[in-house]
Structure formats: structure tokens, C-alpha cells
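The values are calculated or read from the model by the stated rules, or taken from the named source; none is laboratory data. Predicted model only: the values in this text are computed from it and were never measured. Ideal geometry is used to build each Cβ from the backbone, glycine not excepted, and the neighbour counts take in all protein chains shown. Protein only, heavy atoms only, side chains kept; ligands, DNA and RNA dropped before computing areas. Shrake-Rupley method; radii C 1.70, N 1.55, O 1.52, S 1.80 Å.
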Amino acid sequence: KRELAVGEGLLRFMELTNLKGTVYYKDIDYALAKKSLAHSQALVSGNAPGGESARDPSDRSTKTFTKFLNLVHGEKILDLESAIAKITATPAAFFGLKNRGVLAEGMKADITVFSLDGKSGTVIQHVFVNGEHAVLNGAVKCGNAGAVLQHR
């Protein structure tokens, strides 16, 4: 047992895991979470168990990013462009995923078409995965167009 303050313990944990550890905490302070999400070094990710997001109906696999975008839009903590970068280009660059994360010629791109308003939140209309139309008007059309990406 180590006698460490919470902040010191978290820093030690980060050091021991080389920033690869994960902490789950249910009763997080909402104001602190918003401040943390707005930080330039914060990334947003989902944690669907075992990469089974296509078969896992939980919010963790299906609503992480829409909840983040709703929060960003509703609370005005980031502009939409910065929020999109936090879930696309920034993590792709951080994890060294080649040819991913931005829409540009020669890059592989998954594209999501959505609307965002205060009444209904984020509504996903279309998703293209590896060029295949995976979601059409909000309904899953093809659930296996993607592939697991690995950090190299």
C-alpha cells in the first residue's frame, strides 16, 4: 500500500504505464470533465469491450462520439472543427496510424455525415467505412466494412 495523494498517485500511475494506463471513474466532476475535454492534449475515445462495437449495443460502443459532440456543441467548450480533430486527426497522429484521420487525396477515410442541433443532438445520417456505405439514414446497412487498426 502506498500512501499517496490522489494527484500524486495518478501521476505515478501515468509514469509506470508510460501513459498507456486507463482509469475508469464513474462519479467524475462534470466541470472538471468539460475542462479536461477542452484541453489541447486531451483525446476522446470509446471503450467498447473487445472491439466488439458492431455487436455491442451499449452506449460505450455507439454513443461516445455523439455524446462528446453534443456536449461540445451545447456547452460551447470547443469549436466543432477542434472537436472533430480530437476524434479523428489528433488520435491518428498520436497513435501513428498512417494515412488516417484527415480527408485528403491519397488518405484512407471513413466519413460520417451528421446533423447537430440543440433539440435532437447529433443525428448520424450516413457513414462510409473504407468507401463502403455502412450507415444509411441512421440505419446500419453494413456492419463489417471496417478493420481493426493497430499502432505500429
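Bridgeable lysines around K20 (alpha carbons under 18 Å apart, same-chain partners fewer than 8 residues away excluded): K86. I want the local charge near H133. Using Cβ-Cβ distances under 15 Å, sum +1 for each Lys or Arg and -1 for each Asp or Glu among the other residues. Result for the neighbourhood of H133: -1. Anisotropy class assigned to segment 85-131 is oblate, per the alpha carbon gyration tensor with a/c at or over the 1.5 cut-off and a/b no larger than b/c.
How much area per residue is accessible in segment 80-147 when the probe is 1.4 Å and only protein heavy atoms are counted (Å²)?
Working: 4370 Å² over 68 residues.
Dividing the accessible area of segment 80-147 by its residue count gives 64 Å².
Heavy-atom accessible surface of S120, to the nearest 10 Å², is about 70 Å², with a 1.4 Å probe and all protein chains retained.
Straight-line cross-link partners of K119 among the lysines, defined as a Cα under 21 Å from its Cα and at least 8 positions apart when in the same chain: K34, K63, K67, K76.
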